[in-house]
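Peer 1: I'd like to ask you about the structure that follows.
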2 protein chains.
Amino acid sequence: MTSPRPLRADAARNRARIMTAAHEQITEHGPEVSMEQIAAAAGVAVGTLYKHFPNKSDLVTAVVATSFETLADDAEECLQRENQGSPAMAELTGFLSRVMDTVAHNRAVKAAAYALGADHAAHPAMQEVETRVTQALGQLIRTAQAQGGLRADFTVDDLYLMLFTLPADQPPTARARWLALLLTGLTAR
Amino acid sequence: MTSPRPLRADAARNRARIMTAAHEQITEHGPEVSMEQIAAAAGVAVGTLYKHFPNKSDLVTAVVATSFETLADDAEECLQRENQGSPAMAELTGFLSRVMDTVAHNRAVKAAAYALGADHAAHPAMQEVETRVTQALGQLIRTAQAQGGLRADFTVDDLYLMLFTLPADQPPTARARWLALLLTGLTAR
DNA sequence: CTACAAGATGAAGCATCATTCACGTTATGG
DNA sequence: CCATAACGTGAATGATGCTTCATCTTGTAG
């Protein structure tokens with residue numbers, strides 16, 4: 001199931017360089033950066049990008065998937081802390097807050113959050129990660145409701161809805177205010 | 001202060017056609033439609049677009065400003081109805097709901113709402129319209145607070161924050177749910 | 001009715017990009 | 001150390017899009 005031939009040493013090194021560079025460039029300039037620019041940042045020729053990824057879309061998707069995994073890791077760590085006694089509601093708001101800050105500085109993750117509903121989601125790599133996020137957050141939500149901090153009719157879909165509409169281009173004060181306004185609506189009762 | 005020479009008859013007609021076509025095209029395909037496509041839709045040559053607008057950005061801004069005026073009109077009508085006895089809070093939520101639906105179907109207005117904080121706002125035409133919206137909504141907010149339906153610390157900036165983060169690409173059910181979640185956070189007490 | 005300024009035209013210039021490919025380079029198994 | 005498949009290269013290709021300008025057309029003042 002794994003690769004038949006284990007990738008030559010230099011090829012593996014270049015692949016890593018490309019991923020790093022692509023992540024940096026996309027994070028900074030958004031998915032519309034040119035392949036030339038990514039190649040330059042990685043210190044390779046454009047052709048090399050195409051040796052590793054059939055086309056630009058695939059490269060972008062790979063980067064987005066990586067960013068998205070970070071998000072899933074965060075969600076699962078929240079769940080873990082909750083299991084160790086941390087209040088579920090606090091973990092949820094912490095998660096929301098962190099994602100919001102990340103989105104504000106990282107256009108790749110923004111694309112990722114957005115991609116949940118878009119065509120990127122078709123990619124198999126994405127689907128698995130989405131499941132992880134959904135499961136972790138779902139558990140967190142149920143616990144928060146059981147503990148009485150979160151309104152009873154709140155669902156994972158609602159949480160995704162919040163993620164879609166996070167304010168990305170607003171100053172920190174505005175972002176904090178947005179979260180505060182939202183949270184009063186999510187509190188139980 | 002007005003134009004020195006009053007625009008030839010055919011020129012005025014073409015200008016109107018261009019504005020209409022540009023509005024339609026941008027509404028449907030977003031601001032990235034080509035000038036060629038707009039020209040074709042207007043039934044003129046590309047060169048004519050440039051006779052009326054120095055560059056694409058200016059044309060897009062003109063269209064966005066138009067859409068934005070519709071929004072200002074709506075806000076002022078809300079204020080008027082409020083003066084005739086309609087509950088301020090109902091007018092506010094109605095306004096939000098309408099803007100949301102429009103954004104969902106009209107990418108030009110989406111750009112407009114977004115432009116409030118972006119560089120488009122630099123244009124003089126925008127500034128005036130922004131003042132109209134801000135005044136009307138500010139009045140509405142104050143009344144809603146006096147009538148006790150709206151939380152006391154809510155400001156016009158908060159309302160803009162909501163406009164920035166309206167869910168555009170979500171199905172109607174999701175949009176409605178989003179509004180409902182938000183509103184429970186805005187209710188007084 | 002005429003002259004001419006205002007307006008319209010659209011091919012051409014110029015820039016940006018994604019993508020390809022014929023050729024040079026190199027890691028690595030034997 | 002060699003043979004060779006894997007890999008890397010970057011100029012070239014073709015597509016698309018904004019903008020310009022020399023040229024033609026037409027509204028309109030007188």
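Peer 1: Would you point out which residue out of A:Ala39, A:Ala16 is within 12 Å of DNA strand C (Cβ to nearest atom), open to solvent by less than 80 Å² (accessible area, probe 1.4 Å) and either in contact with a Leu (Cβ under 9 Å, 6 or more places away or on another chain) or away from every other protein chain (no Cβ under 14 Å) (or both)?
Peer 2: Unique residue meeting the criteria: A:Ala39.
Peer 1: How do the pairs read when you match residues in segment A:146-158 that are closer than 14 Å to A:Leu92 by Cα and facing chain B (nearest Cβ under 9 Å) with residues anywhere that are of a type in the set (S, T, N, Q) and open to solvent by 40 Å² or more (accessible area, probe 1.4 Å), using Cβ under 9 Å and keeping only pairs 6 or more apart or on different chains?
Peer 2: These pairs meet every condition: A:Arg151/A:Gln145; A:Arg151/A:Thr187; A:Arg151/B:Thr184; A:Phe154/A:Gln145.
Peer 1: What pairs come out if I take residues in segment B:43-61 that are away from chain A (no Cβ under 14 Å) and pair them with residues that are within 6 Å of DNA strand C (Cβ to nearest atom) whose C-beta lies under 7 Å away, six or more apart or interchain?
Peer 2: B:Val44/B:Asn14; B:Thr48/B:Asn14
Peer 1: Taking A:Glu69 as meeting all but one of (1) within 13 Å of DNA strand C (Cβ to nearest atom); (2) open to solvent by 30 Å² or more (accessible area, probe 1.4 Å), write down the number of the exception.
Peer 2: With respect to (1) within 13 Å of DNA strand C (Cβ to nearest atom); (2) open to solvent by 30 Å² or more (accessible area, probe 1.4 Å), A:Glu69 is out only on (1).
Peer 1: So B:Ala176 passes all but one of these: (1) of a type in the set (Gly, Ala, Ser); (2) over 21 Å from the mean Cα position of the chain (by Cα); (3) at pLDDT 95 or above. Which condition number does it fail?
Peer 2: Here B:Ala176 meets the rest and fails (2).
Peer 1: Name, by its number, the condition in (1) over 26 Å from A:Ala12 (Cβ atoms); (2) modelled with pLDDT under 95; (3) aliphatic (A, V, I, L, M) that does not hold for A:Met126.
Peer 2: That leaves (1) as the condition not met.
Peer 1: The conditions are (1) at pLDDT below 90; (2) outside any helix (DSSP H, G or I), and B:Phe154 fails exactly one of them. Which is it?
Peer 2: Among (1) at pLDDT below 90; (2) outside any helix (DSSP H, G or I), the lone unmet condition for B:Phe154 is (1).
Peer 1: Cβ-Cβ under 7 Å, sequence separation 6+ or interchain: first residue in segment B:23-34 and closer than 15 Å to B:Leu49 by Cβ, partner open to solvent by 50 Å² or more (accessible area, probe 1.4 Å) and more than 16 Å from DNA strand C (Cβ to nearest atom). Which pairs?
Peer 2: Matching pairs, first to second residue: B:His23/B:Thr66; B:Ile26/B:Arg107.
Peer 1: Go through segment A:161-174 and report how many residues are part of a helix (DSSP H, G or I) and more than 9 Å from chain B (Cβ to nearest Cβ).
Peer 2: Going through segment A:161-174 one residue at a time, the tally reaches 3.
The values are calculated or read from the model by the stated rules, or taken from the named source; none is laboratory data. Keep in mind it's a predicted model, so treat the numbers as computed, not measured. Note that we place each Cβ from the backbone using ideal geometry, even for glycine, and neighbour counts take in every protein chain shown. We work out accessible area using only protein heavy atoms, side chains counted, and drop any ligands, DNA or RNA first. Shrake-Rupley method; radii C 1.70, N 1.55, O 1.52, S 1.80 Å.
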